[in-house]
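Everything on this sheet refers to the single structure shown next.
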Amino acid sequence: MSLTKETVADKIEVVTAENGPVVQVRTATRIVENGEVISSSYHRHVINSGDDWSSEPTNVQTICNAVFGA
């Protein structure tokens, strides 16, 4: 029996807000047993143009750079 925990940014959306575009990121945390997901949970956060996104995963950084023009 092998249990692993995965955390991935599985959904990235660009949304137009009152003050311009924002990037919404959904992070999925999955518990996997022998290749099968047995549990998952989700967390969402928003990235604005003035925020520091350097600690985000590469795919999120790429989108932020395109949206906010880094």
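The values are calculated or read from the model by the stated rules, or taken from the named source; none is laboratory data. Every value quoted in this text rests on a predicted model; they were computed, and no experiment measured them. Cβ coordinates were reconstructed from backbone atoms using ideal geometry, including for glycine residues, and neighbour counts include every protein chain displayed. Just so you know, the surface numbers come from the protein's heavy atoms only, side chains and all, with ligands and any DNA or RNA stripped out. Shrake-Rupley method; radii C 1.70, N 1.55, O 1.52, S 1.80 Å.
Once you put a point 7 Å from the Cα of residue 3 and another 7 Å from the Cα of residue 62, both along the Cβ direction, what distance in nm separates them?
3.4
Taking only protein heavy atoms into account and a 1.4 Å probe, give the accessible area per residue of the chain in Å².
68
Take residue 15 and residue 44, extend 7 Å from each Cα along the Cα→Cβ direction, and tell me the distance between the two endpoints in nm.
Calculated label separation equals 0.5 nm.
Where does the charge balance sit around residue 47 when Lys and Arg score +1, Asp and Glu -1, over other residues with C-beta under 13 Å from its C-beta?
Once positives and negatives cancel, what remains is -2.
Measure nothing but the geometry: give the 0 to 90° angle between the long axis through the Cα atoms of 58-68 and the longest principal axis through the Cα atoms of the chain, rounded to 10°.
Tilt relative to the chain: about 20 degrees.
Could you rank the peptides 43-50, 19-26, 1-8 by their average count of other C-beta atoms within 10 Å per residue, with the highest value first? Write down the numbers at each step before the final one.
Numbers: 43-50: 12.6, 19-26: 15.1, 1-8: 9.5.
The packing order, highest mean first, is 19-26, 43-50, 1-8.
Find the Cα radius of gyration of the chain, compare it with 2.2 N^0.38 Å by division, and give the number to two decimals.
After normalising by residue count via 2.2 N^0.38 Å, the value is 1.33.
In the range 31-70, carbon and sulfur make up what percent of the accessible area (probe 1.4 Å)? All intermediate terms of the calculation are to be shown ahead of the outcome.
Details: 1320 of 2770 Å².
Roughly 48 percent of what the probe reaches on the range 31-70 is carbon or sulfur.
If the only charges are +1 at each Lys and Arg Cβ and -1 at each Asp and Glu Cβ, what is the size of the charge dipole of the chain around the Cα centre, to the nearest 20 debye?
100
Any idea which of 50, 22, 39 is furthest toward the positive side of the dipole for the range 21-70, if Lys and Arg beta-carbons carry +1 and Asp and Glu beta-carbons -1?
Final value for the positive-end residue is 22.
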